Structure formats: C-alpha cells, structure tokens
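For reference, the structure is listed below as structure tokens.
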Amino acid sequence: MKRVFKKSLCVMATLLMMSGLFSNTKNVLADNPDVYTDKNALMSLLQYMPDGYYDYVAPQKAINDTYWADLEEGSVLGRIISLIHLSYPKSIVEYQDTKHYGVFPRYVLKPGETAIKLSDQYYNLHVDNRLYNPSTGITDDPGAIKIKYLYFYRLGYLLGEDADIEGSTYLNSGMKSTDPVPNRENPFGFKESEVLSQDEINDPKKLTVYGDISEKESTNSKEVKVHKVGDELKLDFSINAAWFKRYMMGDALQMTRGDLSDDKIKEIFDKSEGMVDSQIVYTLDIPEEVDLRSPSASLTGIDDFDLKTEVKEESGKKKLVLTLRLKEDKQAKKDLWKNIVEKIRKVDTSNIKVSISGLYVNSNAKPDINVSLRGTVGGYFEWMRTDYDEEYRKNPLMSGSLLEEEKHPNRTYLSFVARQSDDGRDDGAPKDKPNLISYTFKLEDKKTNPPVNPKKPSDPKTPDSPKKPETGRIDGKDRIDTAINISKKNYDKAKSVIVVRHDLFPDSMTASVLAKLKDAPILLNPTDRLDSRVVDEIKRLGAEEVIIVGGQNSVSEKVREELKAYDSDKNVERIAGADRYGTSEMVAKRVVGITGKKNTGVVASGQVFPDALSVGTFASRDGYPILLVKKDSVPSQIQNAIKDLDINKTYIAGGTNTISKSTEAKLPGVLERMAGNTRYETSVAIAKSKFGASKEAYIASGEEFADALVISPVSGKYNRPTLLVSTKAANNGPVRSYVKDSNISKLTAIGGQRYVPSSIIDSLIN
C-alpha cells in the first residue's frame, strides 16, 4: 500500500539529461494487468482505503462501488519515452505505446472515440510516464480531478506557490501568494470569478457535478409526489456543472503564467490553436410500475447540442437513454484558442435540463409503496490546444525528446458522473445511498387519503360558493424599499444582484430575464447616489457580482464606482447601449450567452412599458431575450440582435396599437401575438396563454413600472403570472374574470396602497 504522488516534469527531464537514458517500462505497463498501480491506472480507479490511505482498485470494484452511476471498463492509449541516447547535435529517442486502464461513464464516447482525432489517439504526451485522464464524481479522491497539472493552483487567480519560487520576479518584487496574477500574464482578461476559486483549488472534491429529478416546473423536488393510475409523469432532469467553465478558463490562464517573457506570452496568446468536443448522457431506469408511451424530451440551458431519445432493454428492464451531443459542425472545429475561450465564456453550465414526457403510472403501482425512478448522468468535455515550446526545442540536449510537430498538443478528456444534489434529495430516497439521483412517488390511497378539503353537505336552497383566493402584499415605504422587501422574501442568499434606475423605465425593461437566469434580485437605485438601503441588502445577500443594466444616465459612473466595493473582482459590469433599444440588444446577447438558447425572442414595445413587463414573467421563465421595437419599425440594434442571435421565432406582446402589423411583418417566424385591447387585457392574455395551470398570481400596477419589473424574475422562477391592475376598478374587469375562471387560490399584491389599493384587491376576489 502506498500513497500516490506526482513527479515533476522538470525534475524528470533533468534526470534524463544526466543519465542519458530512460529505463524501459514495458514490464509495468503490460496490456492485461492483474495489478493496478499509478503506473497503469487512470485516476477513476483511485479509492480511499479503510486505513486512510488510498490505492488503485480493479475496475469491477470501482463499478460496483459507484452505485449512483452506470460505468464500464475502458483504456486510454498513451506514449512514453522508452529510451534516450543523448548525443550532439541530436539525441536518439525511442517511444513506447502504453495502455492505462480505468472506468468511464456508460453510453458515452471514450477517449480515442471522440471527434478530436489529431495527434493520433494519444493523450498527454510528456516525458513523464504518468498519463492523467481526470474524472469527477466516480472517486472521492481530490487528486482525480487535478489531472496532469503539477501546479494545480495555477488554475486559479492568485499567484500561489509561484510567489515563493527562488529567483522569480514575484519574489524579487515582494509579491505574495495571495496577490493576483499580473495583468501581463492574463492576456485573456479573466476575472477572479471566471476561474477556479481558492476553495475549489484547495479541495477539488468541490468540483462535482450535481443532478436532480423533479416534477416538471415543481418548486419542491424533495417531496414524495402522490399519483393515480394513468397519470403522466412529466419530469425535469437537471444537472449543475457550473465549475466546468471555470476549470477550462483556469486551464487557459495557466498557459501564460509562471514568469514567462512578454514575447512568450504574446506568442501563446496569439498563436495557440485548439478544438473541443462534448457529450452528456442522461438515463432513467424504468420500474415495472411505469409504462413508456412514445417518450420524448426537450433540452434547455445550453445551445449547440443535439438531443437523441432511445429506449434500451437490459436484463428484462427498460432504460430511457437521452444523449446530448455537440452538433456535428461544432465538433473538433479548429480555431485560435483565444476565440474558443471567448465562446466558452458565454456558456452557462449551471442548469442543463432535459424535460421528459411519455411516462405513465400503471396498475402495478400499489398504495403507500414508494416507487423510485433511478437516474444517472455521465459525460465528457474534451479539448485540445497547442502550446509553443520553441525555447525547449532549441536546447540541443533535448532535441528529439518532443514530438516532431511544430506545435506540441495538449489534450484533455475530462469525464464526469453526477451525484444527487443535497437540496433536491427525495424524502423517500434510501438513507444509505445519498448520491443516488432519483424521483420518488406513491400511489394515491383513496381509503386512507380522503380529499384534503372534503365538501360538507350543501343546503339545496343555498348554492355552493367558490372559495375566495388568499391575498397578500409585499410593499415598502417607497419603490426602492419594495424591491428590497421582495428580495428579502425570495432570496436568502444571492451570488449576483441587478441594479437599475428607480424612476424611469426605458433601460431597465429587459433586465428581468437576466435577473431570473442569474437567480438575482433586481434592486432599484437613484441615478446619482448609492442608496444605503441597497448597500445593506447587497451585504445581506452576500453578493459577489453586481451588474448594472442601463447607461450612465440611468445609473451614474459615480454609483458604479461605489458599487465596486461590493463586487468580488471590483469590476462592476454595465450592460448598456446608446439608447433603450441598444440596451435591449446588449441584454439579449448577454442572456443568450448564459443560456446558449438562440433562435427565439420575445418582442415588446419600447415606447410604452406595460406589455414588456407583463411578458417579462414568461420570458424570464423560459429564458428568452426581450427585444424592444417601435410601433412602426424595428430599430437597427434589434435587427442586429436578430441576426447575431440567429433568431427565427418570435412571440409578440401587445396589440397593434403598440406594435403595428407592418412591424410584425418585419419580425421572423411570429409564433403568437398575445394581446388585448388594453394593457390589463394583454396581461391576462399572456397569463392565459403561458400560465394556464398556475393557481397563484402576482398583481402590480399597470400605471407605474417599478413594482412589476422587480417581481418579474421571481414570478418567472415560480411560474406565476403577473397581472397588471388599475387604480380604477372599472378597468380591471378582465383581471377579475381571469382570477375567478382560473380558480386562483392566492393573489399577492406588489407595491403599496398608492398603486394597488386594498379596495382594488377586494374587487378582484368578490
């Protein structure tokens, strides 16, 4: 038994030069090993032992122990230097192919099977004989994710151990390990939040993909649901792999770190090339209590992936297999690495979700017996880039010790399997299997589970009257205070906050979608001063990122400078254009950069605010950008957004009085116009079309913009419509009818008595 350790490439190279040969390693790299060691095993076979040490185990043991995933055996081909004869002017080098054994996610392409075919089939070609293929979720060992990097800290933002290297410029200039990487060594311009955090560097076990299965659009995935025979199970299967992007960004940053010359850094930044490939596979084990009837699935959260649905039968059991694969025209597409980095920066991997339908409860289900659908997720992200090693090649002693290509390929296959998230774990899940991803339900027992609200015998002379909706209110002494109270009620913590102008609507109308995607509250603030209440709320939330939506006329540069004190990287992002339409364009591009969801946009008037606010709930829920247009024209900025985001389908909010027929004709692929004769009717039309099943709703002023704006990301999050009301009861007839006809059980007013009087609430429910 021994501890696994890593050898320094530099040390090994020095030893090679001193000894003149690399000893033959064929005996420890047999093609069919009986014993797995650090010489012939991948990191996915690394396990902790009962005595606190860790060692490599046989593939079958790793498969059996990883109950939360479907795994299978596999190997990776590498190449090492088996013999070196050092002579001037050129050494003679003999290479040897090696196999390294491990386990991989089942149904997923293995190394050498992917679209990246350059450099033959070899991985991580170094003079070091150790081949690393990182994995996460299979083993608890933190080294499993550190891969080939001898200096893992370089995937973070701080200098780390580089500051302690004898003779380094950092040490000579008095820099500390906690200092940030100098700007000249960060030509990509990474923020601290864009690379691995220090917590993740110190404990790579935090780099785990988490999954969860819930009832479609449910806000409580822990609850054991009750169903009847014949019910369709509509499920959302999601994963959170937010760190993937930071890992790759850190990989890019470490290329230019380490006391390199300016010319070397420029060469790496300007000339390095690369390519990517990826695949994610979701599976559901189908129990005998569930039937499959033409199952289907849809994908949200990322773009540029194709989704394939299959039903497999294994050992008499059915398994639903959903495969996401990077589109063929994106696979292994060669480009400058800096361009690839910019594309990856725009991707959000925090909520990749497949929505599944076609599963039905059958008569095999028995009352009070939990039925569980086991889920698994596995996948890989692979990238290859070229590092320039010209100075290394110029050393006559090392001539021939590298591959003969002009560029030295650096290839990484990062595999993962997901574990159940703590906040979504089923109440009915087995306590001894905390990593198991599952959805649990039970059959309704009519004998022991009578209706929650049984009807009392009615008096035939007195007709039954429907139950009135429960009412509530979130308000404050002013609109700034109302926004803060909405934040307090709906966000215990928030990584990001959105700040917009408190008294004018143009720049802020499209902020709701971004706020929902970031799970961030919208806070209102005056133009020229930072309100102390806003500061207190940012502190309470523990926010690390502040984003301003709107130009300097909306939120001044002075306020932005003050907000930097509450942003982790001291660089408050401002999303703004020359006018409201330019801001709409910029926000739309930012939204699509997060979701990866091109092709679809929601169009509303930029000249009047109500329709944009009413539809903000739908756009927020589905992650569609809001594009502002004029009544009789599509501004050039919006035309640019439509072109750049490949938008070919649009929804229109509002009637022809706000967006004319001629403007509609200029919009691509109009799917639906949600409209009424008034702003109040339009809000009802949107609610009927997109929130028909919701039994809760918010009501906000249709005469002032602020309250409806700040509630939009919340209403989108909880799938509740926002209905606009007037202070004149006569205008609210459509809203009153909707509340009654839709059997709304709860109405929550947003804003104070001035904008939504209690008398108006009473008129809606009586």
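The values are calculated or read from the model by the stated rules, or taken from the named source; none is laboratory data. Please read all numbers here as calculations on a predicted model, not as lab measurements. Ideal geometry is used to build each Cβ from the backbone, glycine not excepted, and the neighbour counts take in all protein chains shown.
Taken together, the residues in segment 733-753 that are part of a helix (DSSP H, G or I) and under 16 Å from I686 (Cβ atoms) amount to 6. For D304, the stated conditions do not hold, so it cannot be described as in contact with a strand residue (DSSP E or B) (Cβ under 8 Å, 6 or more places away or on another chain), among the charged types (D, E, K, R), under 28 Å from R590 (Cβ atoms) and buried (at least 20 other Cβ atoms within 10 Å of the Cβ).
It is to be established whether one or more residues within segment 183-201 are within 28 Å of the chain's Cα centre (by Cα), in the same structural domain as V341 (by TED's automatic domain parsing), modelled with pLDDT of 90 or more and among the hydroxyl-bearing types (S, T, Y). Yes, some residue in segment 183-201 is within 28 Å of the chain's Cα centre (by Cα), in the same structural domain as V341 (by TED's automatic domain parsing), modelled with pLDDT of 90 or more and among the hydroxyl-bearing types (S, T, Y).
Of the residues making up segment 147-191, those that are closer than 30 Å to L46 by Cβ and of a type outside the set (A, V, I, L, M, F, W, C) number 12.
Listed here are the residues, each with its yes/no results for (1) in the same structural domain as S221 (by TED's automatic domain parsing); (2) among the acidic types (D, E); (3) under 24 Å from the mean Cα position of the chain (by Cα).
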| residue | (1), (2), (3) |
| --- | --- |
| V311 | yes, no, no |
| K319 | yes, no, no |
| E328 | yes, yes, yes |
| K333 | yes, no, yes |
| R345 | yes, no, yes |
| S350 | yes, no, yes |
| I356 | yes, no, yes |
| N364 | yes, no, no |
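Polar (S, T, N, Q) and either within 30 Å of A144 (Cα to Cα) or not assigned by TED's automatic domain parsing to the domain that holds S363 (or both): which single residue out of S294, S272 fits that description? After applying the criteria, what remains is S272. Residues in segment 355-370 that are in contact with a Phe, Trp or Tyr (Cβ under 9 Å, 6 or more places away or on another chain) and either farther than 16 Å from E223 by Cβ or at pLDDT 95 or above (or both): 4 in all.
Within segment 530-548, residues that are on the phi < 0 side of the Ramachandran plot sit with their Cβ atoms under 8 Å from residues that are assigned to a strand (DSSP E or B) and among the acidic types (D, E), at 6+ positions apart or across chains, in these pairs: E545/E573; V546/E573; I547/E573; I548/E573.
Inclusion of V756 among residues that are under 17 Å from P469 (Cβ atoms) and either assigned by TED's automatic domain parsing to the domain that holds D507 or surrounded by fewer than 16 Cβ atoms within 10 Å (Cβ to Cβ) (or both) is warranted. Here I484 meets the list (1) under 26 Å from S350 (Cα atoms); (2) not in a helix (DSSP H, G or I) almost entirely, failing just condition (2). Within segment 151-169, being in a loop (DSSP other than H, G, I, E, B) and not acidic (D, E) holds for Y151, Y157, L159, I165, G167, S168. From the set of residues in segment 497-532 that are among the basic types (K, R) and assigned to a loop (DSSP other than H, G, I, E, B), which is nearest to N351 (Cα to Cα)? For segment 497-532, the residue satisfying everything is K518.
Being under 30 Å from A62 (Cβ atoms), among the aliphatic types (A, V, I, L, M), at pLDDT 80 or above and in the same structural domain as T412 (by TED's automatic domain parsing) is a property that does not hold for V127.
Helices (runs of 4 or more DSSP H) wholly in segment 182-288 with at least 1 residues that are loosely packed, with under 15 Cβ neighbours inside 10 Å and of a type in the set (K, R) - which ones?
262-271
You will find that of D528, D503, D519, the residue that is of a type in the set (D, E, K, R) and closer than 16 Å to R540 by Cβ is D519 and no other. Mind checking whether some residue in segment 595-617 is modelled with pLDDT under 95, among the β-branched types (V, I, T) and closer than 30 Å to Q198 by Cα? Within segment 595-617, one or more residues are modelled with pLDDT under 95, among the β-branched types (V, I, T) and closer than 30 Å to Q198 by Cα.
Any chance you could count how many residues in segment 170-181 are assigned to a loop (DSSP other than H, G, I, E, B) and within 30 Å of the chain's Cα centre (by Cα)?
Residues that pass the stated criteria total 3.
Every residue, every condition in (1) among the charged types (D, E, K, R); (2) out of contact with any strand residue (DSSP E or B) (no Cβ under 6 Å at 6 or more places or on another chain); (3) free of Cβ contacts under 8 Å to residues at least 24 places away in the same chain, yes or no:
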| residue | (1), (2), (3) |
| --- | --- |
| D646 | yes, yes, no |
| T650 | no, no, no |
| K661 | yes, yes, yes |
| G676 | no, yes, no |
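Tell me, please, whether a residue that is touching a residue at least 60 places away in the same chain (Cβ under 8 Å), buried (at least 24 other Cβ atoms within 10 Å of the Cβ) and in the same structural domain as S554 (by TED's automatic domain parsing) can be found in segment 730-738. Scanning segment 730-738, I find no residue that is touching a residue at least 60 places away in the same chain (Cβ under 8 Å), buried (at least 24 other Cβ atoms within 10 Å of the Cβ) and in the same structural domain as S554 (by TED's automatic domain parsing), so the answer is no.
Among the residues of segment 557-596, those identified as surrounded by fewer than 17 Cβ atoms within 10 Å (Cβ to Cβ) and among the polar types (S, T, N, Q) are S568, N571.
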